[in-house]
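S.K.: Attaching a single structure in structure tokens format; questions to follow.
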Amino acid sequence: MKRQFGMKKLPDLSSIPILTLAELMFFVTPLGRYHDVFPLHVLSTNALAKMAQIEPDGDFQVQRFRPNILIESTAPEAEFDDFSWVGGELQIGKVLIKCESRTVRCSAPAQSQFGLDKDSKVIRAVDKHAGRHLGINATVVRRGEIRVGDEVCWRPARRQLLGASARNYAGQLKNKLVHAGLEATDKLNRN
């Protein structure tokens, strides 16, 4: 997984459900190939604007991040507003999606792409200022058709009423356990 992410240490993986992480340990894609873990990738215009503000020399065009859904944020003061959606649901028109986790970014957004030059400042800024996350992963709860301009309504999950500090502590603990498990797996594979 470290080679997949192109880094010496893994990012914070606490945003990904533990069963999905277990699958990833067994089904890592070959080097140079990246496959999404969830059916949908959602990104907000505020998240892109915040990254462009943090790293003004970076090229944070939406095409670099390939979201299935780009949500135009109506609250420009919110920074990474999409991170706060995790655990809740978004209703877009008649479609309902579950916001599962923050999206851990591989190095692909920094690579040259059709019409875009390579820009390593992009992934360095995402790594340093957003813990290698940008956007959210989602699943479909209720299918339907989404149209440009559909109203988006967010419904928080009940567990989001839990204190932020308790969620933060639980996330840190989960991340430590995941990293310890991955390190143990690495040691077994080396022997």
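The values are calculated or read from the model by the stated rules, or taken from the named source; none is laboratory data. None of the values given here were measured: they were computed from a predicted structure. Positions of Cβ are generated from backbone atoms using ideal geometry, with glycine treated the same way; all protein chains shown enter the neighbour counts.
S.K.: Please indicate, with yes or no, whether at least one residue in the stretch 38-49 is at pLDDT below 90 and not basic (K, R).
M.R.: Within the stretch 38-49, one or more residues are at pLDDT below 90 and not basic (K, R).
S.K.: Further, regarding this structure: Given the criterion of a type in the set (D, E, K, R) and under 28 Å from E145 (Cβ atoms), identify the matching residue among D117, D81.
M.R.: It is D81.
S.K.: Continuing with the same structure: Take the residues of the stretch 117-143 that are surrounded by 15 or more Cβ atoms within 10 Å (Cβ to Cβ) and of a type in the set (A, V, I, L, M): which is nearest to N46 (Cα to Cα)?
M.R.: Here the answer is L134.
S.K.: If you don't mind, there's one more thing I want to ask. Would you point out which residue out of E55, E100, E79 is within 19 Å of G131 (Cα to Cα), modelled with pLDDT under 80 and surrounded by 16 or more Cβ atoms within 10 Å (Cβ to Cβ)?
M.R.: Of E55, E100, E79, the one residue that is within 19 Å of G131 (Cα to Cα), modelled with pLDDT under 80 and surrounded by 16 or more Cβ atoms within 10 Å (Cβ to Cβ) is E79.
S.K.: In the stretch 65-78, is there at least one residue being free of Cβ contacts under 8 Å to residues at least 60 places away in the same chain, over 18 Å from the mean Cα position of the chain (by Cα) and over 27 Å from I146 (Cα atoms)?
M.R.: No, the conditions are met nowhere in the stretch 65-78.
S.K.: Name the pairs: first residue in the stretch 135-151 and part of a loop (DSSP other than H, G, I, E, B), second residue of a type outside the set (S, T, N, Q) and exposed (fewer than 13 other Cβ atoms within 10 Å of the Cβ), Cβ to Cβ under 6 Å, at least 6 apart or on different chains?
M.R.: G144/K94
S.K.: Is the stretch 93-107 home to any residue that is more than 25 Å from F60 (Cβ to Cβ), in contact (Cβ under 8 Å) with a residue 40 or more places away in the chain and of a type in the set (A, V, I, L, M, F, W, C)?
M.R.: Among the residues of the stretch 93-107, at least one is more than 25 Å from F60 (Cβ to Cβ), in contact (Cβ under 8 Å) with a residue 40 or more places away in the chain and of a type in the set (A, V, I, L, M, F, W, C), which makes the answer yes.
S.K.: Related question: Is it the case that some residue within the stretch 7-20 is modelled with pLDDT of 75 or more and more than 17 Å from the chain's Cα centre (by Cα)?
M.R.: No.
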